[in-house]
Amino acid sequence: QVQLVESGGGLVQAGGSLRLSCAASGRTSSMYYMGWLRRAPGKEREFVAAISWSGSSTYYQGSVKGRFTISRDNANNMVYLQMNSLKPEDTAVYYCAADLSWSRIRDGYTAYWGQGTQVTVSS
């Protein structure tokens with residue numbers, strides 16, 4: 001089992017920045033892909049970003065590309081999501097995810113989820 005705990009959410013004005021963190025514990029392995037998904041009020045959960053175990057490959061949803069950056073620190077079992085130029089439509093609960101396949105993260109069938117952290121962007 002892998003446990004994931006997110007932190008770093010909060011309230012920010014449009015144009016501002018936030019950095020989300022995800023701490024992994026349990027049967028962690030640097031071989032897992034890690035990622036972030038989000039669920040906005042009244043909407044389906046959607047893929048945000050994912051990163052390979054080495055960090056050499058990253059994947060982003062089109063609406064966040066160029067604004068968000070995913071990174072990881074395998075030595076400390078951490079993954080991060082730096083969010084810049086935030087928009088009100090980025091308001092959502094953000095979930096950390098882990099899986100051996102990044103496409104499973106992308107499609108929302110990931111093996112492991114965190115509890116989520118709320119991000120609210122005011123206009």
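Looking only at residues that are open to solvent by 50 Å² or more (accessible area, probe 1.4 Å) and not in a loop (DSSP other than H, G, I, E, B) in the stretch 19-32, which one is nearest to residue 77 (Cα to Cα)?
This residue is 25.
So which residues in the stretch 84-105 are more than 22 Å from residue 3 (Cβ to Cβ) and at pLDDT below 95, if there are any at all?
103 - this is the single residue of the stretch 84-105 that is more than 22 Å from residue 3 (Cβ to Cβ) and at pLDDT below 95.
Please go through the stretch 86-115 and pick out each residue that is of a type in the set (S, T, N, Q) and either open to solvent by 60 Å² or more (accessible area, probe 1.4 Å) or in a helix (DSSP H, G or I) (or both).
103, 115
Say we look at the stretch 72-100 and pick out the residues that are among the β-branched types (Val, Ile, Thr) and within 14 Å of residue 37 (Cβ to Cβ); which of these is nearest to the chain's Cα centre (by Cα)?
Just the residues of the stretch 72-100 that are among the β-branched types (Val, Ile, Thr), to begin with: 79, 91, 93.
From what is left, the residues that are within 14 Å of residue 37 (Cβ to Cβ) are 79, 93.
Numbers: 79: 8, 93: 10 Å.
Restricting to residues being among the β-branched types (Val, Ile, Thr) and within 14 Å of residue 37 (Cβ to Cβ), the top hit is 79.
Write out, first by first residue and then by second, each pair whose Cβ atoms fall under 7 Å of each other, whose residues are 6+ apart or on separate chains, and whose first residue, in the stretch 35-46, is over 17 Å from residue 5 (Cβ atoms) while the second is open to solvent by 10 Å² or more (accessible area, probe 1.4 Å) and among the β-branched types (Val, Ile, Thr).
Taking only residues 6 or more apart or on different chains, the pairs are 39/93; 40/91.
Take the residues of the stretch 34-71 that are in a strand (DSSP E or B) and of a type in the set (Gly, Ala, Ser): which is farthest from the chain's Cα centre (by Cα)?
Top of the filtered list is 71.
With touching a Phe, Trp or Tyr at 6+ places or on another chain (Cβ under 8 Å), among the hydroxyl-bearing types (Ser, Thr, Tyr) and over 17 Å from residue 110 (Cα atoms) as the only criterion, which of 85, 63, 21 stands out?
21
Just checking, which of 8, 16 is surrounded by fewer than 18 Cβ atoms within 10 Å (Cβ to Cβ), within 15 Å of residue 114 (Cβ to Cβ), in contact (Cβ under 8 Å) with a residue 60 or more places away in the chain and not hydroxyl-bearing (Ser, Thr, Tyr)? Step through it out loud before you land on a result.
Values: 16 fails: within 15 Å of residue 114 (Cβ to Cβ).
Sole residue among the options that is surrounded by fewer than 18 Cβ atoms within 10 Å (Cβ to Cβ), within 15 Å of residue 114 (Cβ to Cβ), in contact (Cβ under 8 Å) with a residue 60 or more places away in the chain and not hydroxyl-bearing (Ser, Thr, Tyr): 8.
Can we say residue 39 is touching a strand residue (DSSP E or B) at 6+ places or on another chain (Cβ under 6 Å), under 14 Å from residue 118 (Cβ atoms) and not acidic (Asp, Glu)?
yes
Looking at (1) open to solvent by 60 Å² or more (accessible area, probe 1.4 Å); (2) closer than 22 Å to residue 123 by Cβ, which one does residue 64 not meet, given that it meets all the others?
Just one mismatch for residue 64, condition (1).
The values are calculated or read from the model by the stated rules, or taken from the named source; none is laboratory data. Bear in mind the structure is a predicted one, so any value in this text is a computation, not a measurement. With ideal geometry, Cβ positions are generated from the backbone for all residues, glycine too; neighbour counts draw on all protein chains shown. Heavy atoms of the whole protein, side chains included, go into the accessibility calculation; ligands, DNA and RNA do not. Shrake-Rupley method; radii C 1.70, N 1.55, O 1.52, S 1.80 Å.
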